[in-house]
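J.: Dumping the structure here so I can ask a few things about it.
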Amino acid sequence: MSRLKVLLIIFILIAVTILARLFYWQFLSDVEKRTISDINPDEIPAPRGEILSRDSYPLATNQEAYLIYATPKVIKDPAGAAKKLAPLLIPEKFSTISASANPDLISQKEQAVEAQQKNIMSKISNNDLYWVLLKRKITAQAKSQIESFDIAGLGFERDDKRYYPEASMAAQLLGFVGSDKFGNDTGYFGLEGYYNSILRGKAGHGANTLDPKGYPILTSKFKTTPPQKGSSLITTIDRPIQFIVEDALEKAVEKYGAKDGTVVILDPKTGHVVAMATYPSYNPATFSEYEPGLYKNPAVADTYEPGSTFKVVTMSSALDLNLVTPTTKCTTCSGPREIGGYEISTWNKKYYPNSTMTDVIAHSDNVGMTFVSEKLGLDRLYSAITKFGFGKLTGIDLEEESPGVVRNKPDWHQIDIATASFGQGLAVTPIQIVQAVGAIANGGKLISPKIVSATVTNGKVENYPQDQGTQVISQKAATQMTEMMVGAVDNGEAKAFKPKGYRIAGKTGTAQVPLAGHYDPNKTIASFVGFAPAQNPKFVMLVRFTEPTSSQFGSETAAPTFFTIARELFNYYGIPADH
Amino acid sequence: MLSVTDFKYKTNCYNNYNAHKRYQHVQNVNIPWESLGKVKIKILLLLTLALAGLLSAQLVFAANLSTDGQTLTSVEREIGNQETKNLDLRWKIAEVSSLTNLSQKAQKLGFVTPEKIITP
C-alpha cells in the first residue's frame, strides 16, 4: 500500500471520529435538559439595595430564596409529587409559630394544602407544557426539603426575596417589593416605591457561549458584565423610637376603639422624620395576604379636616403680621356668632367674654378664631395657609403623597374665612400639619420633611443635602405662639396627662367627618400636635385617631397618647424636666 | 563554444536543483549557485517546523482554554456560595437583633417599662 493511501485512510478515520462526536452532542447528549434549566442564562439579577435605619440596622434586606419549576413530561408520579410538594408551597402565614397555635389557621392550612395540591397536580400532569412554574420565592429550607424527596423533573432558580426583620414595623413607610409585568422585582408604595430606581441596581450579563456541560467557552467574544447591586438607603428613622411609637399606638387604638391611628415624629431643626407609624399595619414580606387598603401611608396620603390643630397656623400668622398679640382681647367672644347665615359656636357652648388670644388658644375657642380671621381677611389668611405648605406637596420622599385640598381663592366666601380659621372647610395631610407646627418649633422656618439622609453605593456614602428651609413667620411670632401652645397644654383639657415638670407646647383637635354635605355627629378625627421641650424642641409629634369610640375628643384620646410617647422620648433622649 | 542544446540544458540546471546536481555530476563543474539552494531548503524546513510548532502550541492553548471555563465556573460558584452565606448570616443577625424579638425576650425575663422618667 502506498504511503498516500495510508495517509488517506488516516484522514478518513479522523473525519469519521469528528462526525461521530458531533452526532453524540447533537442527538445523544444531555444538552436539552441543561438548557431548560436556564430561564435566562444571559442575565444575572442584581441584589436589591437595603433600607437602613439611622443606626444602620436593616429595616429591609434580602433573603436567599428560590423559584421552583417542573418539567411535566419528566415527572413519573405527578399525584405523589403534588402530595409531597403541596405542604411546602402554601403561604408563609401558615408556617409561623403562632399559626400552629391558632385553630382557625390550622383549619385554613388544611384547606390551603388541599387547594395547592390540586393546583400543582393540574400543572405537572399537563404533558403539553414543557416548563411550568410552581412557586416563586420559596425559602432555602423548603428547597432543601424538596430536594430530599429526589423527584425527577423539578428544578430551582435563585430568586431572592425581600426580608423585613422587624416584620410589620414601619410597613406603610417602607412599602413592599412585588413583581412587574415581566416578573422583575419592583418596589411599590413608601420608600421601596419612591426609591425603586436606585434600590433595584442593574442586572449583569453572563457568558452566552457555553459548552455542552454548561461551562463558558473563553473565546474572543467571551465578555461578562457583573451585576451592580442597588444602592442602600440610610434613613432618618430612629428604630427604638419607631418601636416605642408602634407599641404605644397599637395599645391606644385598641383602648380608644379607633378605626385607625397615625403618629408622625419629626426633628423640627432638620425636618428629618424620626418615626412614622400607622395601626393597623401589615407585613410587607407577605403583603398579598392583606387588604390593599392597608398599603398606602395615611401619614402622607390621607386628607382630613384638621379641626382645632389648625388654629395655631391662623394665630401665628396674625401674630406675625402684628394684627394681634397674645394679650389682645377678643371683643366678639361673649356668645355664638352668625356669619354668612351660619351660626358659629364653641365646641362646649361655653363663652369667655374679653378673653385674650392666649385664652382663645387654651379654650380652643372657635368664636375667638373668627375674631382673628376677621383681622386677617381673605388675602392674608389664604397667603398664610399656602406659606405654611397647605394645598401642595411637602416634598417628602415617599410615594402616594397627597397635596390636600385648599380651594382656589375666588371660591372662598365669608363663612369659609371664618371656618378655615379653626380648621374646617379645607383638607390637609398629617405630614402637612407636622411640617407647619415644626416651623413654629423651629423659630418660624418651614423645612421640607425627609426620610433618606444618604445612600450607600459600593461602600461609598453620599449624603443628601439638607433643606435650608423658608422663614414663614418671624422668630418673635414663633416664640409667642409657642408660649400660647404651652399655655394650652398647661391649662387645657388634657393637662392631667402631661408629664410633670416639662414644658410641652401643643394643641388638641377634634374634627367632625364630612358626610354627604353635612358633618356626621358621631364620627370624629381626634388629634394632638405639639413639640417638646418648648424652649429647645427635640421633637414635634402628631397623634391622630380616626373615629375613636371611647371618646370623640382629641383631649381624651390623642393627647394622652402624645404624652405617653413623649414620656418615653424624654427617657430615650435623656431630657431632664424644666422645673 | 557550447552547442545550443548544451546551453539550454545548462540554463535548465540553473533553474532546477535536481537537474543542476545531475549537470554538476556530468560536467564535474563547480557551480557557484549550489550553496544558495541549500540555504533555501533550510529556510523552508525551519518555516515548516515553526508552523508545526505554532499549530501544536495553539492546540495546547485551546485545550487549556477549554478547561479554563470549568475553572472559572468553579471560582464563580465559590464566590456565589460565600455571598449566599454572607446574606444568610446577615439576615439571621437582623432577625435575632430585631427589637420585636428582643422585647419578647425581655418580657419573658421579667423586664418592665420604667414608670417614671429617668434622666441623668
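J.: Taking the stretch A:337-355, which residues are surrounded by 13 or more Cβ atoms within 10 Å (Cβ to Cβ) and part of a loop (DSSP other than H, G, I, E, B)?
T.: The answer is A:Ser345, A:Thr346, A:Trp347, A:Tyr351, A:Tyr352, A:Ser355.
J.: Would you call A:Thr557 buried (at least 21 other Cβ atoms within 10 Å of the Cβ), within 28 Å of A:Arg239 (Cβ to Cβ) and hydroxyl-bearing (Ser, Thr, Tyr)? Working first, answer last.
T.: Numbers: buried (at least 21 other Cβ atoms within 10 Å of the Cβ): yes; within 28 Å of A:Arg239 (Cβ to Cβ): yes; hydroxyl-bearing (Ser, Thr, Tyr): yes.
So A:Thr557 passes the test.
J.: Could you identify the single residue in A:Val406, A:Val428, A:Val437 that is surrounded by fewer than 23 Cβ atoms within 10 Å (Cβ to Cβ), within 23 Å of A:Gln512 (Cα to Cα), among the β-branched types (Val, Ile, Thr) and in contact with a helix residue (DSSP H, G or I) (Cβ under 8 Å, 6 or more places away or on another chain)?
T.: It is A:Val406.
J.: Could you tell me whether any residue of the stretch B:67-88 is under 30 Å from A:Lys229 (Cα atoms), assigned to a loop (DSSP other than H, G, I, E, B) and among the hydroxyl-bearing types (Ser, Thr, Tyr)?
T.: no
J.: Here is a follow-up. Select from the stretch A:234-283 the residues that are within 13 Å of another protein chain (Cβ to nearest Cβ) and of a type in the set (Lys, Arg) and write down the one among them that is surrounded by the fewest Cβ atoms within 10 Å (Cβ to Cβ).
T.: A:Lys251
J.: Every residue in the stretch B:87-100 that is modelled with pLDDT of 90 or more and either over 23 Å from A:Ile241 (Cα atoms) or in contact with an Asp or Glu (Cβ under 8 Å, 6 or more places away or on another chain) (or both), please.
T.: B:Leu89, B:Ser98, B:Leu99
J.: Taking only the stretch B:89-120 into account, find how many residues are assigned to a helix (DSSP H, G or I) and loosely packed, with under 10 Cβ neighbours inside 10 Å.
T.: Taking the stretch B:89-120 as the starting set, the residues that turn out to be assigned to a helix (DSSP H, G or I) are B:89-96, B:99-108.
Keeping just the survivors that are loosely packed, with under 10 Cβ neighbours inside 10 Å gives B:108.
Counting residues in the stretch B:89-120 that are assigned to a helix (DSSP H, G or I) and loosely packed, with under 10 Cβ neighbours inside 10 Å gives 1.
J.: A further question on this structure: Taking the stated definitions as given, is A:Pro560 more than 23 Å from A:Ala301 (Cα to Cα) and away from chain B (no Cβ under 14 Å)?
T.: Details: more than 23 Å from A:Ala301 (Cα to Cα): yes; away from chain B (no Cβ under 14 Å): yes.
Spelling it out, A:Pro560 is indeed more than 23 Å from A:Ala301 (Cα to Cα) and away from chain B (no Cβ under 14 Å).
The values are calculated or read from the model by the stated rules, or taken from the named source; none is laboratory data. Please read these numbers as outputs of a predicted model, since none were measured by experiment. Virtual Cβ from ideal backbone geometry, glycine too; neighbours counted across all protein chains shown.
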